[in-house]
Structure formats: C-alpha cells, structure tokens
Amino acid sequence: MKKMIFVVPLLILIIFIFFLSGYRFTALSAAKSHSFLSKDAELIEQYDTGSSFIFLFKSDEEEIYQTVLSEKSDVLFRGSVSTNIPYSSDKIQTVGGISVTTENDAATLLSIISHDEEVAYIEAGVEPYVERKEISKGERISFLFPFSEQIDFLYPTAFNKDGKKLYYYGYPKDTNVFRNEDFKWHRINGN
C-alpha cells in the first residue's frame, strides 16, 4: 500500500511533465498545442505520412497559414515542427509547405491555391516522383511526397490548358538578393 502512495503521485508528475512538453494522446491535439500555432487557427486539412501527421491550419486573425508536424513517440504524439506562410493577394499562392525528415519517415508537403482562371494544372516533384494536378480558380490542391526536399527544388510550375508554362515557384530569376517576401509564385515573362 505504501508503494501505491509513492507510485501514483510520481505517475501523475510524469504525465504532467509530458503534457507540458507538448505530448498528447492524439496527433491533432499535439498539433493544436504547438506553441507557435495561432489561438484562432482553423484546421483546413490533415495528411498521414506513415508515422507522423501534417496539419494545415489558417488564422484569419493573424492572416497566416500554418503547417504543423505531429510525430508519434511510442503511444503519444508531439507537435514538433511548424511553418508559417502569410496571406497574399498573388494570383497563385502557396498556403502550406513543409519538408521534414524524422526518425521514422520523411515527407514534403506543398499546398497551393490558384486565383488565376488561366491556370489549368500544376506540376511538382523530382524524378521519378513528378506529379501533375488539375486546378481551377479558387481551388486548393496539395502535393505530398514520401521524401524530404526543399520546396523550390520540387520545381513547382503552373501551366495553362495547352501546356504553356505560366508561373514558377521560387525566387526571382537572375537575382543574387534573396528576401523572404520574394519566395513565391512568379509569372513567366512573355505570358
């Protein structure tokens, strides 16, 4: 009986420490407890990478999209990594992006909204994992790859219905000044 009196408070203390460290019983609750996630964050979509989950949120209050990775650690989950992308008025906008390698798997997520009715599809990836997805104005599409790769090295490109390249994602061509606000979709000259 004396052992129980010692073990129960110790067990409660351990659970409390795990809880403070961001560990939760579900992947979604771990993502929602991530310290950088906005208070008003609304879940848009979730993706299963095998041993982890990626959650895409949006915050109208802070005007940002947020991507959070929840990793499984034995029986618990922990929201370990997040990225933020501010709202923009660009014709094509990346709203979610994360590239991760964990102990158990790797993944790259790219989520895009198009506001250009001329864009018919978007291609992204590296050989042999290049994917093409159709997209309509106002629609969001996502690419989830089973490897970790820098987002611009997926060479995301938007095309019209005739296969003509309209936009590319990354930094402006022919520049040696790299600013965060320039890392976006750029209209290809002559289009």
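The values are calculated or read from the model by the stated rules, or taken from the named source; none is laboratory data. Remember, it's a predicted structure, so these values are computed and weren't measured experimentally. No Cβ is skipped: glycine too gets one built from the backbone with ideal geometry, and neighbour counts run over all protein chains shown. Accessible surface areas use protein heavy atoms only, side chains included; no ligands, DNA or RNA. Shrake-Rupley method; radii C 1.70, N 1.55, O 1.52, S 1.80 Å.
For labels at N176 and F147 in the simple 7 Å Cα→Cβ model, what's the distance in nm?
3.1 nm
Place a +1 charge on the Cβ of each Lys and Arg in the stretch 33-191 and a -1 charge on the Cβ of each Asp and Glu, then give the dipole magnitude about the Cα centre in debye, rounded to the nearest 20. Please list the in-between numbers first.
On the way: 16 positive and 27 negative charges, 72 e Å.
Roughly 340 debye, rounded to the nearest 20.
Summarise the accessible area of the stretch 127-191 (1.4 Å probe, protein heavy atoms) by the percent that is carbon and sulfur.
Carbon and sulfur together cover 45 percent of it.
For the stretch 75-139, what is the convex hull (Cα atoms) projected area averaged across all directions, in square nanometres? Working shown, then result.
Values: hull surface 24.7 nm².
With every direction weighted equally, the projected area is 6.2 nm².
Give me the one-decimal nm value for the distance between modelled label points at R187 and R140, 7 Å along each residue's Cα-to-Cβ direction.
Result for the modelled spin labels: 2.5 nm.
Once fully extended, how much extra length lies between R132 and L43, figured as 0.36 nm per residue of separation less the alpha-carbon to alpha-carbon distance?
Residue separation times 0.36 nm, minus the Cα-Cα distance, leaves 29.5 nm.
Just how many % of Cα pairs in the stretch 101-157 lie over 16 Å apart, if you round to the nearest whole percent?
Working: 697 of 1596 pairs.
The calculated P(r) of the stretch 101-157 puts 44 percent of pairs beyond 16 Å.
Taking the Cβ-Cβ separation of S35 and V75 as r and a Förster radius of 25 Å, what is the calculated FRET efficiency to the nearest 0.05?
Details: r = 22 Å, r/R0 = 0.88.
Plugging the Cβ-Cβ distance into 1/(1 + (r/R0)^6) gives 0.70.
Regarding the chain, what's the average projected area of the Cα-atom convex hull, expressed in nm²?
Mean shadow area of the hull around the Cα atoms is 13.4 nm².
From Cα pairs below 8 angstrom and at least 6 apart in sequence, can you work out the relative contact order of the chain, rounded to a whole percent?
On the way: 392 pairs, mean separation 25.1, N = 191.
Reported as a whole number, the value is 13 percent.
In the stretch 150-191, which trypsin sites (Lys or Arg not before Pro) are in a loop and have at most 11 other Cβ atoms within 10 Å, using DSSP for the loop call? Provide the component values of the computation, followed by the final result.
Values: sites: K161, K164, K165, K173, R179, K184, R187; in loops: K161, K164, K173, R179.
When the trypsin sites (Lys or Arg not before Pro) of the stretch 150-191 are filtered for loop state and at most 11 Cβ neighbours within 10 Å, K161, K173, R179 remain.
Could you pull out the trypsin sites (Lys or Arg not before Pro) across the stretch 54-158 that fall in loop regions by DSSP (anything but H, G, I, E, B) with no more than 16 other Cβ atoms inside 10 Å?
On the way: sites: K58, K72, R78, K91, R132, K133, K137, R140; in loops: K91, K137.
When the trypsin sites (Lys or Arg not before Pro) of the stretch 54-158 are filtered for loop state and at most 16 Cβ neighbours within 10 Å, K137 remain.
What's the Kirkwood radius of the stretch 92-191 in Å, using all Cα pairs?
This gives a value of 14.0 Å.
Restrict the search to the stretch 84-132; then list the GluC sites (Glu not before Pro) that DSSP places in a loop and that have at most 12 other Cβ atoms within 10 Å of their Cβ.
Values: sites: E103, E117, E118, E123, E131; in loops: E103, E117, E118.
Sparse-neighbourhood loop GluC sites (Glu not before Pro): E103, E117.
Go through 39-50, 59-70, 145-156 and give me the packing order, highest mean Cβ count within 10 Å leading. Before the final figure, lay out each step's value.
Details: 39-50: 14.3, 59-70: 19.4, 145-156: 15.9.
Descending packing order for the listed peptides: 59-70, 145-156, 39-50.
What does the charge dipole of the stretch 134-191 about its Cα centre add up to, to the nearest 20 debye, if the Cβ of each Lys and Arg holds +1 and the Cβ of each Asp and Glu holds -1? List each step's numbers first, then the result.
Details: 9 positive and 8 negative charges, 47 e Å.
It works out to roughly 220 debye.
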